[in-house]
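Notes for the one structure printed next.
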Amino acid sequence: MFHREIPVFLFTGFLESGKTSFILDTLSQDYFATGERTLIIACEEGEIEYNVNDLQNSNVYVEFVENESDLTPGLLKNWNTAHKPRRVLIEYNGMWNTDSIMEEIYPENWVLTQVISTIDYTTFNMYWNNMRSMLINQLALSDMVIFNRCDATTKRNELRRSIKVFNKKAQVVYDWVDGITAENVPEQLPFDIDAPVINIEDDDYGIWYMDAMENPNKYAGKTVNYNCLFFRPSSYSMDKFVPGRFAMTCCADDIAYLGLVCHTKSDIDLPERQWINITADVKVEYVRDYHDLGPVLYLTDITTGERPEDDLVYF
C-alpha cells in the first residue's frame, strides 16, 4: 500500500529565540498557506503563544509536549492517525537532546525535510560563551540559521564564520529590528579588499564570487589570490580558461559551477578539474558569457593548489 510522504520541518533554538514567531509568520505566507492539513508539535511555550482556535480555522492543529520523555514514537503515531497531517512542524525545546528527534522516532511516512534554527542576536554571545556545546549540537544539524533582532552593530561576517566553522552547508539569514534593513547596514566582507593582494580563503569563495559579479567595479584594478579548479570550455582558446568552484546553490541536487573568465599571457594546458592556486589582476569588461560587463581576470601567477577538505562552496 502506498503511503504519501509527510514532510517534517524541525525548528530548534533556545526559549525566546523567535521559533514561534517564525512558524506563525511562515504559516501566513502565500507559498505556505495552501490549506494543507498541518500539525504543529510544540515542545515549549514562550512569550508568543499559538491561538489554537484560530489556527484550526486554517486547518492547522497544535499538540503540546511538556516532557522530553513524552515525545515517543507511539505518541507521534497516534497524532498521525488522529490528525492525518500533510505536513508537520516541530517546535523543539532548546534544552532537550536533539539526537532522538532527527529521524528515529518518526512514523514510517514522516520525512525530515528541513532543520531551521533561530537565534536571538542579543543573547547569542551569552549562550556561545556559557552553553556552546549545547548550541553547537543544535546548529550543526541546521539547514538554515536565522539570527533575529539584528541591529546596526551586528557583525554579520563574524556570526557567519561562527556557524560555518562546524556547519558549512547552513544558510545564514539575518532578521532586523524595526527600522533596520540589510540595505542600510554595510556588508562586511571576510577579506581585506584594500590589501595589495586580496586573499580569498576556501570558505569565502562564494562570497567573493557573488560580490564580484554584483559589484565588479569594486574590484577593478585589484589583485586577487585563491584556490580553485581548472576548467576550459571547448570553445575557448588555450590562452583563456575559467577558474572556479562547484557550489551548492540550494540543495544537493542543485550544483552549479561558479567561475570567472581568465586570460593568460601564454597557452596553458592542464587537466580539467585540477586544483590550482591563482593570482590575477581584475578588470571590468563586457563578456558574452556574462551577457554584461563583469569581472575579468588576467593571470599573473599559477601554482598547484590543494583540494579543500570540503570542496563544495556553500551560501
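Would you check if there is a residue in the stretch 247-254 being exposed (fewer than 11 other Cβ atoms within 10 Å of the Cβ), of a type in the set (Ser, Thr, Tyr) and in a loop (DSSP other than H, G, I, E, B)?
No; the residues of the stretch 247-254 include none that is exposed (fewer than 11 other Cβ atoms within 10 Å of the Cβ), of a type in the set (Ser, Thr, Tyr) and in a loop (DSSP other than H, G, I, E, B).
Among LEU260, LEU293, LEU299, LEU312, which is the only one that is closer than 28 Å to LYS169 by Cβ and in the same structural domain as PHE230 (by TED's automatic domain parsing)?
LEU260
Just to be sure before I move on: is GLU45 among the acidic types (Asp, Glu), under 24 Å from ALA33 (Cβ atoms), surrounded by 13 or more Cβ atoms within 10 Å (Cβ to Cβ) and at pLDDT 95 or above in the structure I sent?
no
Among the residues that make up the stretch 196-216, is at least one of them outside the structural domain of GLY244 (by TED's automatic domain parsing), part of a helix (DSSP H, G or I) and loosely packed, with under 15 Cβ neighbours inside 10 Å?
No, that holds for no residue.
Condition first: farther than 23 Å from GLN114 by Cα and of a type outside the set (Asp, Glu). Now tell me which residues in the stretch 125-155 satisfy that.
ASN125, MET126, TYR127, TRP128, ASN129, ASN130, MET131, CYS150, ALA152, THR153, THR154, LYS155
For (1) at pLDDT below 95; (2) at negative phi; (3) surrounded by fewer than 14 Cβ atoms within 10 Å (Cβ to Cβ), each residue gets a yes or a no:
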residue: PHE231; (1), (2), (3): no, yes, no
residue: PHE241; (1), (2), (3): no, yes, no
residue: ALA256; (1), (2), (3): yes, yes, yes
residue: ASP267; (1), (2), (3): no, yes, yes
residue: TYR286; (1), (2), (3): yes, yes, yes
residue: VAL296; (1), (2), (3): no, yes, no
residue: GLU309; (1), (2), (3): yes, yes, yes
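Name the pairs whose Cβ atoms lie under 8 Å apart, with the first residue in the stretch 219-246 and assigned by TED's automatic domain parsing to the domain that holds VAL296 and under 13 Å from ARG273 (Cβ atoms), the second polar (S, T, N, Q) and part of a loop (DSSP other than H, G, I, E, B), and 6 or more positions between them or separate chains?
Filtered contacts from the stretch 219-246: LEU229/GLN274; PHE230/GLN274; PHE241/THR264.
Just name the residue that is surrounded by the fewest Cβ atoms within 10 Å (Cβ to Cβ) out of those in the stretch 156-178 that are acidic (Asp, Glu) and more than 17 Å from PHE191 (Cβ to Cβ).
Among those that are acidic (Asp, Glu) and more than 17 Å from PHE191 (Cβ to Cβ), it is ASP178.
Can you name the condition, by its number, that ALA220 falls short on among (1) hydrophobic (A, V, I, L, M, F, W, C); (2) in contact with a helix residue (DSSP H, G or I) (Cβ under 9 Å, 6 or more places away or on another chain); (3) closer than 25 Å to PRO196 by Cβ?
Of everything listed in (1) hydrophobic (A, V, I, L, M, F, W, C); (2) in contact with a helix residue (DSSP H, G or I) (Cβ under 9 Å, 6 or more places away or on another chain); (3) closer than 25 Å to PRO196 by Cβ, ALA220 misses just condition (2).
Out of THR38, THR26, THR81, report the one residue that is at negative phi and exposed (fewer than 15 other Cβ atoms within 10 Å of the Cβ).
Matching residue, one of THR38, THR26, THR81: THR81.
Which ones in the stretch 223-237 are assigned to a loop (DSSP other than H, G, I, E, B) and closer than 14 Å to VAL261 by Cβ?
Matches in the stretch 223-237: PHE230, PHE231, ARG232, PRO233, SER235, TYR236, SER237.
If a residue has to be more than 29 Å from the chain's Cα centre (by Cα) and either touching a residue at least 24 places away in the same chain (Cβ under 8 Å) or outside any strand (DSSP E or B) (or both) to count, how many in the stretch 281-300 make the cut?
Residues flagged as more than 29 Å from the chain's Cα centre (by Cα) and either touching a residue at least 24 places away in the same chain (Cβ under 8 Å) or outside any strand (DSSP E or B) (or both) within the stretch 281-300 amount to 8.
Does GLY18 satisfy the criteria of being touching a helix residue (DSSP H, G or I) at 6+ places or on another chain (Cβ under 6 Å), among the small types (Gly, Ala, Ser) and on the phi > 0 side of the Ramachandran plot?
no
Could you please let me know if ASP25 is assigned by TED's automatic domain parsing to the domain that holds GLU104, closer than 16 Å to THR118 by Cα and part of a helix (DSSP H, G or I)?
For ASP25, the condition - assigned by TED's automatic domain parsing to the domain that holds GLU104, closer than 16 Å to THR118 by Cα and part of a helix (DSSP H, G or I) - is met.
Condition (residue is over 20 Å from GLY206 (Cα atoms), polar (S, T, N, Q), in contact (Cβ under 8 Å) with a residue 12 or more places away in the chain and surrounded by 18 or more Cβ atoms within 10 Å (Cβ to Cβ)) applied to the stretch 145-155: is it met by at least one residue?
The answer is yes; a qualifying residue exists.
Scan the stretch 178-193 and tell me whether some residue there is at pLDDT 90 or above and under 28 Å from LEU71 (Cα atoms).
No, the conditions are met nowhere in the stretch 178-193.
The values are calculated or read from the model by the stated rules, or taken from the named source; none is laboratory data. None of the values given here were measured: they were computed from a predicted structure. We place every Cβ from the backbone using ideal geometry, glycine too, and count neighbours over all the protein chains shown.
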